[in-house]
1. Which value in nm describes the separation of the simple spin-label points at Arg65 and Gln335, placed 7 Å from the Cα toward the beta carbon?
2. Looking at the P(r) of the stretch 99-163, how many percent of alpha-carbon pairs lie beyond 19 Å?
3. Given bins 5 angstrom wide, list per bin the percent of all Cα-Cα distances in the stretch 242-346, short to long.
4. Can you give me the accessible area per residue for the stretch 56-214, using a 1.4 Å probe, in Å²?
5. Residues with beta-carbon under 12 Å from that of Glu298, excluding Glu298: net charge, scoring Lys, Arg +1 and Asp, Glu -1?
6. Could you order peptides 175-185, 260-270 by the average number of other Cβ atoms within 10 Å of their residues, highest first?
7. Can you pull the Kirkwood radius for the stretch 163-221, inverse mean 1/r over Cα pairs, to one decimal in Å?
8. Quick one: what Rg and Dmax do you get for the chain from the alpha carbons, in Å?
Amino acid sequence: MAFTLTRLDAVPAGLLQVDARRLYELLPGPTLISLDGKREPPLFVSVLLHGNETTGFQAVQRLLRKYRKGALPRSLVLFIGNVVAARYGLRRLDEQPDYNRIWPGGEGPESAETELARQIVAEMAVRGLFANVDVHNNTGRNPHYACVSRLDAETLHLATMFGRLVIHSQRPRGTQAAAFASLGPSVTLECGKPGQPYGVDHACDFLDACLNWSRFPSHPLAPHDLDLYHAVAQVKIAPGVSFCFGGDEAELLFEEEMDRLNFTQLSPGHVFARLGRYGGGRQPLLAYGENGGECAEEYFAAEEEMLVLRKPVVPSMLSLDQRIVRQDCLCYFLQRMSPPEGICGH
């Protein structure tokens with residue numbers, strides 16, 4: 001499959017009305033659209049890094065329709081990612097890399113996609129940016145929240161403009177927001193499940209506020225405006241281990257509505273999964289800490305026919321979509337953390 005970056009300096013006809021699944025009819029692939037506004041440097045926004053996560057694209061469509069007859073308050077650079085996967089409503093095609101793992105700092109193999117991502121970051125480093133926003137959805141039930149890789153005041157002001165719930169994470173590597181964090185305040189927005197009108201409203205209002213912000217606040221954050229978590233582990237199903245949600249015909253048996261546990265404090269001894277046809281001999285769940293090391297034994301213990309937690313954790317991004325779980329992960333484990341000294345006022 002040919003792979004090129006389309007560059008545009010105007011909104012192409014039909015873009016503001018087209019459904020994400022038919023975007024391929026207008027754009028052949030990844031596309032960078034640079035739009036002039038009243039202020040510089042630009043706001044950088046990326047959408048559809050995962051083809052099934054359409055809220056960001058819909059929010060940008062609404063935003064640009066608002067300013068169709070007038071100048072944008074600030075210049076905007078828009079990156080539209082996996083157009084091919086969007087056609088099929090998939091996170092990515094099997095032969096594709098994950099478009100939110102291809103950016104500088106990633107651990108995947110070199111490819112045309114990683115070269116493209118490296119080029120975009122280098123160009124924006126020269127041009128400069130006001131802030132960077134990467135808009136995503138979840139496939140499980142989650143509240144809206146922002147993810148950051150840095151804990152400086154400007155980044156946290158940007159994150160809390162979306163909401164008080166913020167996750168600080170260093171993994172996975174190669175994400176768009178982490179790659180842009182060295183260029184300016186950078187956040188990932190998690191806007192709930194796709195197809196929910198409130199998610200589009202929330203993302204659009206946030207992006208509009210970013211365009212209209214002349215500068216970042218100089219005052220400290222109010223403590224009640226920030227509910228901060230630290231992502232301490234990424235949990236994956238071990239290769240070759242079968243699993244199901246609510247059934248009994250697999251090696252790992254999870255609750256039918258396991259995603260209801262997202263952002264719930266779980267205590268040691270909590271039954272995370274039952275061991276169905278699992279025959280033993282290998283760890284059925286893998287966990288990777290911030291340094292990339294495997295640490296499942298730190299979090300899970302097998303007791304009779306159950307896999308229980310060894311320590312308190314708060315799960316996030318638990319998904320019931322088996323394809324997504326295989327392509328990415330089962331969930332992340334979080335722990336509450338305090339912001340750095342001086343970030344919040346008293």
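1. 4.6
2. On the way: 1045 of 2080 pairs.
Tail of P(r) above 19 Å: 50 percent of Cα pairs.
3. Per 5 Å bin, starting at 0, the Cα pair percentages come out as 2, 11, 19, 25, 20, 10, 4, 3, 2, 2, 0.
4. Values: 5790 Å² over 159 residues.
Ligands and nucleic acids excluded, the figure is 36 Å² per residue.
5. Working: positive: Arg310, Lys311; negative: Glu294, Glu297.
With Lys, Arg at +1 and Asp, Glu at -1, the neighbours total 0.
6. Details: 175-185: 22.5, 260-270: 14.6.
Peptide ranking by packing, descending: 175-185, 260-270.
7. On the way: mean 1/r = 0.0732 Å⁻¹.
Result for the stretch 163-221 stands at 13.7 Å.
8. Using the Cα atoms of the chain, the pair Rg, Dmax is 20.5, 66 Å.
The values are calculated or read from the model by the stated rules, or taken from the named source; none is laboratory data. Bear in mind that the values here come from a model prediction, so they are computed numbers and not experimental data. Because the Cβ atoms are built from the backbone with ideal geometry, glycine has one as well, and the counts that use them run over all protein chains shown. These accessible areas exclude ligands, DNA and RNA; they are computed on the full protein's heavy atoms, side chains included. Shrake-Rupley method; radii C 1.70, N 1.55, O 1.52, S 1.80 Å.
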